Amino acid sequence: MKLLVTGGAGYVGSVCAAHLLEAGHEVVVLDDLSTGHRDAVPDGARFAEGNLADIAGTVLGEGGFEGVLHFAARSLVGESVTHPELYWENNVVVALRLLEAMREHAVPRIVFSSTAATYGEPEQVPILETSPTRPTNPYGASKLAIDMMLTSYAAAHGLAATSLRYFNVAGAHGRYGERHTVETHLIPIVLQVATGHRESVSVYGDDWPTPDGTCVRDYIHVDDLAEAHLLALTNATAGRHAIYNLGSGQGFSVKEVIEACRGVTGHPIPATTAPRRAGDPAVLIASSHAAAEALGWRPSRTDIRTIVGDAWRFTRDRLPV
Ligand code: UFG
C-alpha cells in the first residue's frame, strides 16, 4: 500500500515506518521535526518536512494513498496541564485538518496513535476498551477527542478507522528508538544513569498500594506495537471505527524495572525515593484480548529484560566512542 506516516521522525512513528517498509509498503513520512529527528526517518521512506495542517492536503493530493498512520502529536502529560492550548491545537485541530484532507482526496483508512491516558484513573485492571474514559489531563483528553472524531467520520463518511491505545511503550528497533529532548519516561531515564548522564533515578513514591509500594505499568515492546499497526491496516473496515488496547497484559513495578536495568547494564543504578508525581495512577495494565481476537495480535517480546535490553543496545550504540 502507499501510506502516509505522520510523525514518522519520532519514536513510535519511525519504528512503525521501518516495519511498513520491511513489509514492502511504500511510505511517505510527514514530520515538522519539532520533536522528531531527521535521521530517524527510515531509509527507503520519502520525507516531506512541514506542518501537518498546512501540507497534508498537498501531500495527499499527489494521489494513490491507501491509508494514513497518524503519530504526529504532542505527548507530554505535564506540559499538557500547563499549556493545554498546545494540545488542542497540535493534536485536535491538526487531526481535523488531516481528516478533511483525507476526505478531499478519498484516502480510505487511518490508524491512529491513541493512548491509555484516555481512560484516566482506572476503576479496575486490566483495563478493557469498554472501561470508562475519564482522562485526567489535557493530553489524554485531546487523544480521546480525536477518537471521538474518528467514530463520527467512520459513521458519516465511511472512513475505516482504528485507534490503538498504547500502554507504556519501550524498547527499540535497531537504530530507531526513544530520544526525547525532555525525557520523562522511566526506562530512558534509568538508562541515562547507566551511561553516566545522570547520578541516580528518583522513584516517585514507594507507598503506593502495590506489592512493593511502587507504581505498576504494562510495558509493551515497540516492535510488538508496530506489528499491531500492520495488522490494523489490513483489518480495516469501511464505515467502522475499531478501538484496541495494546499492552503486554503484565505489570512491572518501578523497582522491578530498575532491577531489570541493573541486570542488563551491569551498573548499580542508584535510586532514591521522591514524592509521588501528580496524576500517576498506582496500576495501569491493559487487557489486549480485543486486539488478539480481532487482529490476531500476539505480543512476543513481553519479558522486561528483552524490552530493556533492546532499549539499552540503542542507547549504548548512540554514545560517542
Ligand atoms: N517514574 C519514576 N521516576 C522517573 C520516571 C518515572 O518513578 O524518573 C515512574 C512514574 O511515576 C510511573 C512509572 O515510572 O509510575 C512510569 O512512568 P513513565 O513516565 O515512564 O510513564 P507513564 O506511565 O507516566 O506514562 C505512560 C505514557 C504516557 C501516557 C501514560 C498514561 O508514556 O504517554 O502512560 O497512560 F499518557
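Remarks
- The listed residue being within 13 Å of the ligand (Cβ to nearest atom), in contact (Cβ under 8 Å) with a residue 60 or more places away in the chain and out of contact with any His (no Cβ under 8 Å at 6 or more places or on another chain), out of P122, P135: P122
- Check on V107, surrounded by 22 or more Cβ atoms within 10 Å (Cβ to Cβ) and either touching a residue at least 24 places away in the same chain (Cβ under 8 Å) or part of a loop (DSSP other than H, G, I, E, B) (or both): yes
- Residues within the stretch 204-215 that are surrounded by fewer than 22 Cβ atoms within 10 Å (Cβ to Cβ) and either of a type in the set (G, A, S) or near the ligand (Cβ under 10 Å from one of its atoms) (or both), tallied: 6
- Verdict on R165 being touching a strand residue (DSSP E or B) at 6+ places or on another chain (Cβ under 8 Å), under 29 Å from H221 (Cβ atoms), within 14 Å of the ligand (Cβ to nearest atom) and of a type in the set (D, E, K, R): yes
- In the stretch 121-139, the residue that is modelled with the highest pLDDT out of those that are surrounded by fewer than 18 Cβ atoms within 10 Å (Cβ to Cβ) and of a type in the set (D, E, K, R) is R134.
- Out of G171, G158, sole residue that is on the phi > 0 side of the Ramachandran plot and within 15 Å of the ligand (Cβ to nearest atom): G171
- S248 being more than 11 Å from the ligand (Cβ to nearest atom), buried (at least 20 other Cβ atoms within 10 Å of the Cβ) and of a type in the set (S, T, N, Q): yes
- Filtering the stretch 188-203 to residues that are more than 10 Å from the ligand (Cβ to nearest atom) and closer than 10 Å to W312 by Cα leaves L191, A194, T195.
- In the stretch 140-173, residue surrounded by the most Cβ atoms within 10 Å (Cβ to Cβ) [restricted to those that are in contact with a His (Cβ under 7 Å, 6 or more places away or on another chain) and in a helix (DSSP H, G or I)]: L150
- Any hit, the stretch 187-194, residues being modelled with pLDDT under 95 and not hydroxyl-bearing (S, T, Y): no
- Residue that is farthest from the ligand (Cβ to nearest atom), among those in the stretch 140-154 that are in contact (Cβ under 8 Å) with a residue 12 or more places away in the chain and over 25 Å from W297 (Cβ atoms): A145
The values are calculated or read from the model by the stated rules, or taken from the named source; none is laboratory data. Computed from a predicted structure; not experimentally measured. Reconstructed Cβ throughout: ideal geometry from the backbone, glycine too, with neighbour counts over all protein chains shown.
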